[in-house]
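Structure record follows, encoded as structure tokens.
The values are calculated or read from the model by the stated rules, or taken from the named source; none is laboratory data. Note that the structure is a prediction, hence the values are computed from the model and not measured. Ideal geometry is used to build each Cβ from the backbone, glycine not excepted, and the neighbour counts take in all protein chains shown. Keep in mind that these areas ignore ligands, DNA and RNA; they rest on the heavy atoms of the full protein, side chains included. Shrake-Rupley method; radii C 1.70, N 1.55, O 1.52, S 1.80 Å.
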Amino acid sequence: MRYALAAAMAATLLSPAAMAQTVSGIAHTNAAGETTTVFSVQPRTQVSATDYVKMTADALNYRIAASTLAMRKAERADVKAYAKADLMTAKKERDALYAALSNKDRKITRPSLTLSSQNAASLELLKKSDSSFDNLYLTQMADASPSMWALQKGYAMTGSDPALKQVAALAVPSVETGYTTARGLTPAAVAAN
């Protein structure tokens, strides 16, 4: 009974709908460099190393494709600058992920560059967007952050592979910074300043 209840709670907390409904935080770093406030989603735990690699690669490949597109299509200079910085960060994170795929103890197959259906659909929306491109791009980047944070934070805490745990731990502050920056560039945030 206790296990069934725990499983039901975990399924509810980890479902995409539940994650989308509970997002409301922005990260802050204290003087010691520790994250004190983050997204109000639970870290995603009990993810296998191969699933972690696939999901992280998919998210990074989407960010790379979307940011490359944004560097061409964005109208605002600050959005182009964000896209350029995000592109460089995503490429570095993907390189670190790929470097961690093989060591003396095991080898994980490099994941496909083909985007998941959800990320492919998001990219298609960006490609078709005209005058609202900047806002759509920033919204997609911010909306993708909570689930990416939950995956990275969860694997950094409970992952089974030490090399991948290190990759995940390094990605957490990057996701938080990207979220904060994207949210800060949305029209509502710019108008408030």
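In a fully extended conformation the segment linking Ser112 and Asp78 would gain 9.1 nm over its present Cα-Cα distance, using 0.36 nm per residue. Remark: accessible surface ordering of Met88, Met141, Met71 (largest first) is Met88, Met71, Met141, probe radius 1.4 Å. 3J(HN,Hα) along the stretch 82-92: 4, 4, 4, 5, 5, 4, 5, 5, 5, 5, 5 Hz, from the Karplus curve 6.51 cos²θ - 1.76 cosθ + 1.60 with θ = phi - 60°, whole Hz, x for Gly and Pro.
Pairs Lys73/Lys153; Lys107/Lys165; Lys84/Lys107; Lys54/Lys165; Lys91/Lys165; Lys54/Lys92: which are spaced more than 24 Å apart, C-alpha to C-alpha? Where the Cα-Cα span goes over 24 Å, the pairs concerned are Lys73/Lys153; Lys84/Lys107. From the Kirkwood radius over Cα pairs of the stretch 109-151, Stokes-Einstein at 25 °C and 0.890 mPa s returns a whole-number translational diffusion coefficient of 210 µm²/s. For the stretch 91-168, a Kirkwood radius taken over Cα pairs fed into Stokes-Einstein (20 °C, viscosity 1.002 mPa s) yields D = 146 µm²/s.
By accessible area of protein heavy atoms, probe 1.4 Å, what ranking do Ser102, Ser67 get, highest first? Write out the running numbers ahead of the final one.
Numbers: Ser102 65, Ser67 0 Å².
Ranked list, largest accessible area first: Ser102, Ser67.
With a 1.4 Å probe rolled over the protein heavy atoms of all chains, the accessible area of Arg106, Arg183, Arg72 falls in the order Arg72, Arg183, Arg106, largest first.
Modelled spin labels at Met157 and Ala120, positioned 7 Å past Cα toward Cβ, are 3.3 nm from each other.
Once the convex hull of all Cα atoms in the stretch 46-180 is built, its volume per residue stands at 91 Å³.
Cα extents for the stretch 69-126 along the principal axes, largest to smallest and rounded to whole angstrom: 48, 24, 12. Annotation: average projected area of the stretch 36-105 is 6.7 square nanometres, based on the convex hull of Cα atoms across all directions. Per-residue 3J(HN,Hα) values for the stretch 104-118, derived from phi via the Karplus relation 6.51 cos²θ - 1.76 cosθ + 1.60 with θ = phi - 60°, read 5, 8, 6, 9, 9, 5, 5, x, 5, 7, 5, 6, 4, 4, 5 Hz in sequence order (x marks Gly and Pro). Phi angles across the stretch 167-176 convert, under the Karplus curve 6.51 cos²θ - 1.76 cosθ + 1.60 with θ = phi - 60°, into 3J(HN,Hα) values of 4, 5, 4, 6, 7, 4, x, 5, 5, 4 Hz, Gly and Pro given as x.
In the stretch 135-193, the ratio of gyration radius to Kirkwood radius, Rg to Rh, stands at 1.13 when only Cα atoms are counted. Between Asp143 and Asp105, the contour length at 0.36 nm per residue exceeds the alpha carbon distance by 10.1 nm.
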